[in-house]
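A.B. asks: Take a look at this one; I'll ask things after.
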Amino acid sequence: MVGAEVWLSQSNMNFVEETTSLVKDLGLDYIQFRINQKVSDRLLPEQMERVSKLIMELKSRCHPFPVYGEIESKKLSGECWFSAVHLVINPWGDVYPCPYFALHPE
């Protein structure tokens, strides 16, 4: 199974529908949206609300193609929240065995 994870900020928040269509047309198995909190143009609360509503709408409209979205940041205690087989390939072609290492390459 191969999917796309898209980190949203103000610079790409208006392309959620187009990105979903592209991923679907490319034959990937799913798309997942997350909020990028580590950028200077992170989404404002009202933008997060708007994007969240759009993702909910896309979940219904694109069914059975899976559209996932975690718009609100969550704090987890002590456990890895990623699958052990969740491989990450970033836009530059770097491959990481776990999403944690993509955020902490050192």
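The values are calculated or read from the model by the stated rules, or taken from the named source; none is laboratory data. Remember, it's a predicted structure, so these values are computed and weren't measured experimentally. So basically every Cβ, Gly included, is an ideal-geometry build from the backbone, and we count neighbours across all protein chains shown.
A.B. asks: I want to confirm something. Restricting to the range 1-51 and keeping residues that are crowded, with 16+ Cβ neighbours inside 10 Å and among the small types (G, A, S), which single residue is nearest to C62 (Cα to Cα)?
C.D. replies: A4
A.B. asks: Considering only residues of the range 59-72 that are surrounded by 10 or more Cβ atoms within 10 Å (Cβ to Cβ) and farther than 16 Å from G3 by Cα, which is modelled with the highest pLDDT?
C.D. replies: R61
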